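The values are calculated or read from the model by the stated rules, or taken from the named source; none is laboratory data. Predicted, not measured: the structure shown is a model, and the values here were computed from it. Because the Cβ atoms are built from the backbone with ideal geometry, glycine has one as well, and the counts that use them run over all protein chains shown. Ligands, DNA and RNA are stripped out before the accessible areas are found, and what is left, the full protein with its side chains, is counted by its heavy atoms. Shrake-Rupley method; radii C 1.70, N 1.55, O 1.52, S 1.80 Å.
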Amino acid sequence: MMIAKPALKNLLNSVKVPLTPQRKDLIVKAFEFAEKAHQGQKRRSGEDYFTHCIATAQILAGIGMGSKTISAGLLHDVPEDTPITLAEIKKEFGQEVHDLVEGITKLGKIKLRETKEEYLLENLRKMFLAMAADIRVVIIKLADRLHNMRTLEFNPPEKRPNIARETMEIFVPIADRLGIGEIKAELEDLSFKYLDPKNYEMVKKLRDDYYKEGEQFKNQAIKELEKEIKNRGIKVLRIYGRAKNLRSLFLKLEKKEMDIGRIYDLIAIRIIVPNVSDCYEILGIVHKIYRPMVGRIKDYISLPKPNGYQSIHTTIFGPQGRIMEVQIRTQKMHDESEFGIASHWIYNENKRRDWKNYFRKQETYSENELVWIKQLHEWQSEVGKDNKAFLEGLKIDFFKNRIFAITPKGDAIDLPEEATPIDFAYAIHSEIGDSISSAKADGKMIPLDYQIKNGQMIEIMTTKEKKLPNRKWLEFVKTSNARAHIKRQLKRNDEII
Ligand code: MN
């Protein structure tokens, strides 16, 4: 097939999975389909609407997603913003692409309410992940949000901080939890820019000046290291200087009285090599050329961080005694930290990192929460072992039989499928369960044996009079919690009589 359009050519070139003719055809077809569907529509920036779809797909390609996800990225706004229906997408692109696009359309309808309540935010993040039965849906949503953040300046000024706050509170932690460091860092810096423009500009200038000044030392170190590594006959895949994410730099600076000279990893050189053994050889070479700083050698390869992060870090006195950090890792370790879905979450309960300030307060988790996090973590480490499985997409199985129902206050209650208002009431409090009189789902009265659907808002009406649970409830409740409470109350009553 002749590819005439530069944007399409670009997109195809940035695909990281092997581009078989079949995959290529799918992407080309989705590109042309979505382009036609959005024809004539404009973004606030004045650009064609379709540029947003291309950008979303481009981000997905860049983090190694497969052709179906990239195609769904191209098509993600079609059902919502054009007359074309999901049924037509299914007909043209098959079940899987349809399901992804449907998932994104559904997620778009969840209202991410503005609030400062930590528990509610956490519930929202949880619900957001749960609603997307397929993790690829969440990843497409992140790419969508990233492009919207990159073009946030075209939104009315009064709307920008709210969108930035929502990004910081909902999307940054999700990207972080999924271990997609690259997207997380950019989303975080873009939010920072709109939420705290003064400090953003200050840190940016500080960093840029420092880099400019330190650039020659960094380049000199890279040159000297490259030469010595070559002499030793070790293959290096990449050696480059990495810039520190602005928001994490800001939070670190705050702890060091804004003294940039006390931040040792501001200039960092990253060396990527093929094998683990190369990492240690490189470490030897680095220390042979430059004196290491005492107590600053960290071997996260032998002792990975609890989230699975692996690399060797060492702080050295580089050219002219300039302090810098050197990070050594294999390609696989690198990919995992940039695009992986390894969890940065579970261990942070106690050792929360600086830039997690915005939910530092929440330091204890309920038992349920821990189970949930553990399951996600286990699932992630399983996926981590087989990158292909990740690239080709997979389902969050443990979500399959769970639903989330929301209280009028916005709390998300985690329930098994087919759970009833009685289960919901007992999940909130046993007294509410015992005194339930009637219930509403999304404002409409429902029978007590009603099967709650994912995402419904459930309201429980109670009676003040002393009331016993009904024995009949045992025939339809789904949770062991409700069942146990009902039985206990009934038994107690029998004993009294
Ligand atoms: Mn979009």
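Of all the residues in the stretch 54-73, those that are open to solvent by 10 Å² or more (accessible area, probe 1.4 Å), within 16 Å of the ligand (Cβ to nearest atom) and either out of contact with any Leu (no Cβ under 9 Å at 6 or more places or on another chain) or farther than 14 Å from Phe33 by Cα (or both) number 3. When we screen Ala57, Ala30, Ala37, Ala61 for residues that are touching a Pro at 6+ places or on another chain (Cβ under 9 Å), assigned by TED's automatic domain parsing to the domain that holds Leu107 and of a type in the set (A, V, I, L, M, F, W, C), the only hit is Ala37. What about Val294, is it at pLDDT below 95, touching a helix residue (DSSP H, G or I) at 6+ places or on another chain (Cβ under 9 Å) and in the same structural domain as Glu336 (by TED's automatic domain parsing)? Against the criterion (at pLDDT below 95, touching a helix residue (DSSP H, G or I) at 6+ places or on another chain (Cβ under 9 Å) and in the same structural domain as Glu336 (by TED's automatic domain parsing)), Val294 does not qualify. For the stretch 22-59, the tally of residues that are free of Cβ contacts under 8 Å to residues at least 40 places away in the same chain, of a type in the set (D, E, K, R) and farther than 15 Å from Thr82 by Cβ stands at 2. Scanning the stretch 449-497 for residues that are under 30 Å from Lys106 (Cβ atoms) and among the aliphatic types (A, V, I, L, M) yields Ile452, Met457, Ile458, Ile460, Met461, Val477, Ala482. Filtering the stretch 301-319 to residues that are at pLDDT below 90 and either in contact with a Phe, Trp or Tyr (Cβ under 7 Å, 6 or more places away or on another chain) or acidic (Asp, Glu) (or both) leaves Pro306, Asn307, Tyr309, Gln310.
Note on the stretch 135-174: among residues that are of a type in the set (Asp, Glu) and more than 16 Å from the ligand (Cβ to nearest atom), the one that is surrounded by the fewest Cβ atoms within 10 Å (Cβ to Cβ) is Glu158. Within the stretch 454-497, the set of residues being hydrophobic (A, V, I, L, M, F, W, C) and open to solvent by less than 30 Å² (accessible area, probe 1.4 Å) comprises Ile458, Trp473, Val477, Ala482, Ile486, Leu490. Within the stretch 293-312, is there a residue that is of a type in the set (Phe, Trp, Tyr) and part of a helix (DSSP H, G or I)? No, the stretch 293-312 has no match at all. Count of the stretch 78-107 residues, restricted to those that are free of Cβ contacts under 8 Å to residues at least 40 places away in the same chain and within 13 Å of the ligand (Cβ to nearest atom), is 5.
Summed over the stretch 190-218, residues that are surrounded by 13 or more Cβ atoms within 10 Å (Cβ to Cβ), farther than 29 Å from His147 by Cβ and without any contact (Cβ under 8 Å) to a residue 12 or more places away in the chain total 0. Selection of the stretch 222-235 for residues being closer than 16 Å to Ile272 by Cβ, open to solvent by less than 70 Å² (accessible area, probe 1.4 Å) and out of contact with any Asp or Glu (no Cβ under 7 Å at 6 or more places or on another chain) yields Ile222, Leu225, Ile229.
In summary, helices (runs of 4 or more DSSP H) completely within the stretch 11-81 and bearing 2 or more residues that are over 20 Å from Met149 (Cβ atoms) occur at 21-37, 67-75, 78-81.
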